[in-house]
Amino acid sequence: MQQQQKVAALSYSFPEEVLEHVFSFIDSTKDRGSISLVCKSWYEIERWCRRRVFVGNCYAITPAMVIKRFPKVRSITLKGKPHFADFNLVPEGWGGYVCPWIKAMAVAFPCLEEIKLKRMVISDDCLDLIAKSFKNFKVLVLISCEGFTTDGLASIAANCRNLRELDLRESEVEDICGHWLSHFPDSYTSLVSLNISCLANEVNFPALERLVSRCPNMHTLRLNRAAPLDKLANLLRGAPQLVELGTGAYTSEMRPEVFTNLAAAFSGCKQMKGLSGFWDVLPSYLPAVYPVCSRLTSLNLSYATIQSPDLIKLVGQCQSLQRLWVLDYIEDAGLDMLAASCKDLRELRVFPSDPFGLEANVALTEQGLVSVSEGCPKLHSVLYFCRQMTNAALNTIARNRPNMTRFRLCIIEPRTPDYLTLQSLDSGFGAIVEHCKDLQRLSLSGLLTDRVFEHIGTYAKKLEMLSVAFAGDSDLGLHHVLSGCDNLRKLEIRDCPFGDKALLANAAKLETMRSLWMSSCSVSYGACKLLGQKLPRLNVEVIDERGPPNLRPDSNPVEKLYIYRTISGPRLDMPGYVWTMEDDSAYLE
Amino acid sequence: MSVPVEQGYGEVPSMETKERSIGLNLKATELRLGLPGSESPERENGGVLKSLVSGAKRGFSDAITDGGSGKWVLSGNGGSEVGLCKDGNLFSPKAKGVGECNNQQNPFSASVVVKETVTHSPKPLHDNKPQVSPPSSKAQVVGWPPIRSFRKNSMVSQPQKNDADAEAKSECLYVKVSMEGAPYLRKVDLNGFSSYRELSSALEKMFSCFTISQCGSYGVSCREKNLSESRLVDLLHGSEYVLTYEDKDGDWMLVGDVPWEMFTESCKRLRIMKSSEAIGLAPRAMEKCKSRN
């Protein structure tokens, strides 16, 4: 009682401006949310001064609701399709259209400066609307987006006088014309970050060179594969202040002057900290980057098809490395070297060079990961594709790295057991969740029974995102996770024998999570209907390309299921193969 | 159009053709671990038609354009795989490439009774499409291993170190497929097919989905109708459609003119367009189309 009175008194004693000023130091969405819950007046003050909004699921809320609560937003981040869309599990036309958001914001947020989208569909018209509606527009980040062409980019270039950042990471852009870059006027000099690595065709290189050289604050430049190596030196000379560089194809006819020019250009880049690109690498050109290696903190060689010895030579020089993305050509030997040389390593991602081959084409095993876990005390984020694993190795990794926060292991062949004992990998992953108490993200693979889920439910209390494939024996597995993981926000499951029981028993849990994806499991249509009926604050969407689910028996399992919490009711932009389970029996005939 | 729509599902492919097709299509087979001889999902909307194909794609022989009128007008050429989908069917061999339309855990066992509407024609004289040797590449499960399309496509176009063909073919090569009048695009993995016929069947199924849902919303009972291409045609206002593609040079061509491998290497995307719009693409093919009517 007294406490409440004190707080009330405090909030009346501070003028709004002071509180606003204090709040301005707090950026994290979570903290802002906490502030707004203190009392009504703080809620009011906070909402008027919130500048950044993060919407993890664009269908969880409507643009109008966001605008109503936060009238002065300057930066918005929106995410659309479920994560499994990255792996073609979500059919085209599913949704994630940003247009309604842009239209609403064009009117409501004239001062909007930043739009960051992930897995959304954005059209050229939308890009045009952005370009013309927001006078102070600065940042456009489109990660894994689609639906637009270079014409839309031309509009952005032509109209956004204050643009700082244009990042098209891994988006699908219809490449109509490389001249869109020329639409940046000659007077435009504010570019700081440009990522066009996803573009298929060559951009107008002279225009790019002029652009880069007249923007003194260029910090990040990621070229696309079509950007020729022999032009890179010149480009770098025009921007020696670059910190992050993504090369194009790293190959050219072997010409000594190209090499020496390139090496000289890199020598001039005293601030360079990150490198990426490296498609089609010609190993003899690699030494050109040696001048910057010792300062590199981030190195993405995940497209570089070079063999272990060349990789070792290169990576061995990068003692400051914090992040390494590489193909499994690095092999165990390379990872041993990494463990020995790069003591500051925080994040490692090893991608498969031949994921569809029947047998291992490289000498990369669980041992490589064990070495790195031993040698790199700061390692906390791992994505590792390999073909074999043991419980012993997982156990060792867990004990070596209790600071692990993201652990994603992909054993290429589904349901692969511990190759030494032929047992499941339950205890290995169990060790991971038991020892790594701050684990936030986990992806499982290999042979796994319900047991592993029991471990996860018991220990993974900080886990926020879990990805499961070809695992488990029964509903008990799913039940363990839903009932045990207190902080679970995103759960995605494919090809597991999980059905109705666990889902219905833990229905309430679903409202505490952002989303649940289940495909090729055994959840029946009847259960979906029930969930939809009982939990109005969830959208239960059935994705089924065999036709309307109500033409089949209720017990028939649905192909795919996507459940997410929302305060905006069922969405209206679904394609023909998605049905929302409603409680008004619209679908029941 | 004058294709007699066969309501009958008549022929069960001979064991020989099945085996051949299994060998042929291993890489296109959906890998259902733990379910040996897995099959494609039951095609509900086909209603009367149930297709349980053992793991592989349908095992009927390739038809030549001559037989019947095709929805997809593919001109035959020596050496090219002329997939002629006139088998108005939709049992889809859950091609991997077809991504979305499969992956259903099927409780059915591996009995192989294939009922389809097939208009058989003699095999093409020039069938020199090489068999894909199973050991060199793995049959793919959709979305597994979990690698983003961007990365997969980058790997495909990388020059392979050894045995280029077999390896390259095992990667995924997704291209977009659009259709006149359809509200959204689809994607198919060209490397999931080994012939034009397979591609066209898969496309048929994909876009039947679209028409089915339309049909559902109009209250028509889909189960009753046979989803032949003639029905597709009915739903789409009686016009004939042709399958076209955009090649690396940006030109739009009719699908079927070049050998399959050449096609997959140069195809950037596909479009199902009305035959009236396809005029001018390849006169020869258009004539064939008209003569069929």
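The values are calculated or read from the model by the stated rules, or taken from the named source; none is laboratory data. Nothing here was measured: the structure is a model prediction, and the numbers come from that model. With ideal geometry, Cβ positions are generated from the backbone for all residues, glycine too; neighbour counts draw on all protein chains shown.
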| Per-region count, the range A:306-323, residues out of contact with any helix residue (DSSP H, G or I) (no Cβ under 7 Å at 6 or more places or on another chain) and either more than 11 Å from A:Ser341 (Cα to Cα) or touching a residue at least 40 places away in the same chain (Cβ under 8 Å) (or both) | 4
| query | Out of all the residues in the range A:333-363, which are more than 14 Å from chain B (Cβ to nearest Cβ), within 22 Å of A:Met404 (Cβ to Cβ) and part of a loop (DSSP other than H, G, I, E, B)? | reply | A:Cys342, A:Lys343, A:Asp344, A:Leu345, A:Arg346
| request: For the range A:154-169, name all the residues that are surrounded by fewer than 20 Cβ atoms within 10 Å (Cβ to Cβ) and touching a Phe, Trp or Tyr at 6+ places or on another chain (Cβ under 8 Å). | output: A:Ala158, A:Arg161, A:Asn162
| remark: Reported set for the range A:411-423 where residues are assigned to a loop (DSSP other than H, G, I, E, B) and within 14 Å of chain B (Cβ to nearest Cβ) is A:Ile412, A:Glu413, A:Pro414, A:Arg415, A:Thr416, A:Pro417
| message | Can you pull out every residue in the range A:411-423 that is in contact with a helix residue (DSSP H, G or I) (Cβ under 8 Å, 6 or more places away or on another chain) and crowded, with 22+ Cβ neighbours inside 10 Å? | response | A:Asp418
| field | Residues located in the range A:400-410, provided they are more than 14 Å from chain B (Cβ to nearest Cβ) and either crowded, with 22+ Cβ neighbours inside 10 Å or not in a strand (DSSP E or B) (or both) | value | A:Asn400, A:Arg401, A:Pro402, A:Asn403, A:Met404, A:Thr405, A:Phe407
| field | Count of the range A:477-507 residues which are of a type outside the set (Asp, Glu), within 14 Å of chain B (Cβ to nearest Cβ), buried (at least 20 other Cβ atoms within 10 Å of the Cβ) and part of a loop (DSSP other than H, G, I, E, B) | value | 2
| query | Do we have any residue at all in the range A:262-282 that's hydroxyl-bearing (Ser, Thr, Tyr), within 14 Å of chain B (Cβ to nearest Cβ) and in contact (Cβ under 8 Å) with a residue 12 or more places away in the chain? | reply | yes
| Single condition A:Ala85 does not satisfy, out of (1) surrounded by 20 or more Cβ atoms within 10 Å (Cβ to Cβ); (2) within 13 Å of chain B (Cβ to nearest Cβ); (3) in contact with a strand residue (DSSP E or B) (Cβ under 9 Å, 6 or more places away or on another chain); (4) farther than 21 Å from A:Val192 by Cα | (3)
| task | Specify the residue that is farthest from A:Ile196 (Cα to Cα); the eligible residues are those in the range A:113-145 that are of a type in the set (Ser, Thr, Tyr) and without any contact (Cβ under 8 Å) to a residue 40 or more places away in the chain. | result | A:Ser133
| note | Residue set A:Ile330, A:Ile397; condition without any contact (Cβ under 8 Å) to a residue 60 or more places away in the chain, assigned to a helix (DSSP H, G or I), under 23 Å from B:Phe150 (Cβ atoms) and of a type in the set (A, V, I, L, M, F, W, C); output residue A:Ile330
| What are the residues in the range A:461-472 that are closer than 22 Å to A:Arg415 by Cα and assigned to a loop (DSSP other than H, G, I, E, B), if any? | A:Phe470, A:Ala471, A:Gly472
| message | Out of A:Ser302, A:Ser371, A:Ser320, I need the residue that is polar (S, T, N, Q), within 14 Å of another protein chain (Cβ to nearest Cβ) and within 28 Å of the chain's Cα centre (by Cα). Which one? | response | A:Ser302
| task | Inspect all residues belonging to the range A:175-182 and state whether any of them is of a type in the set (Val, Ile, Thr) and either closer than 20 Å to A:Glu114 by Cα or surrounded by 20 or more Cβ atoms within 10 Å (Cβ to Cβ) (or both). | result | no
| task | For the range A:432-461, enumerate the residues that are buried (at least 24 other Cβ atoms within 10 Å of the Cβ), of a type outside the set (Val, Ile, Thr) and in contact with a Cys (Cβ under 8 Å, 6 or more places away or on another chain). | result | A:Ser445, A:Ala460
| field | Unmet criterion (only one of (1) surrounded by 21 or more Cβ atoms within 10 Å (Cβ to Cβ); (2) assigned to a loop (DSSP other than H, G, I, E, B); (3) within 14 Å of chain B (Cβ to nearest Cβ); (4) touching a residue at least 24 places away in the same chain (Cβ under 8 Å)) for A:Trp517 | value | (2)
| note | When (1) within 12 Å of another protein chain (Cβ to nearest Cβ); (2) not in a loop (DSSP other than H, G, I, E, B) are applied to A:Ser522, the one that fails is (2)
| task | Considering each of A:Phe429, A:Phe385 in turn, give the residue that is within 14 Å of chain B (Cβ to nearest Cβ) and either crowded, with 23+ Cβ neighbours inside 10 Å or in contact with a helix residue (DSSP H, G or I) (Cβ under 9 Å, 6 or more places away or on another chain) (or both). | result | A:Phe385
| field | Of the criteria (1) surrounded by fewer than 23 Cβ atoms within 10 Å (Cβ to Cβ); (2) in contact with a strand residue (DSSP E or B) (Cβ under 9 Å, 6 or more places away or on another chain), which one A:Lys343 fails | value | (2)
| field | Wholly enclosed helices (runs of 4 or more DSSP H) of the range A:194-276 bearing at least 2 residues of a type in the set (Asp, Glu) and farther than 13 Å from A:Ala288 by Cα | value | none
| task | Determine whether A:Lys138 is more than 14 Å from chain B (Cβ to nearest Cβ) and at pLDDT 95 or above. | result | yes
| request: Please find, among A:Pro575, A:Pro553, the residue that is modelled with pLDDT of 90 or more, surrounded by 15 or more Cβ atoms within 10 Å (Cβ to Cβ), within 13 Å of chain B (Cβ to nearest Cβ) and assigned to a loop (DSSP other than H, G, I, E, B). | output: A:Pro575
| task | Return yes when A:Glu464 is modelled with pLDDT under 95 and either surrounded by 17 or more Cβ atoms within 10 Å (Cβ to Cβ) or more than 14 Å from every other protein chain (Cβ to nearest Cβ) (or both) and no when it is not. | result | no
| remark: Note on B:Ser195: of the conditions (1) farther than 28 Å from A:Ile122 by Cα; (2) at pLDDT 80 or above; (3) touching a Lys or Arg at 6+ places or on another chain (Cβ under 6 Å), unmet is (3)
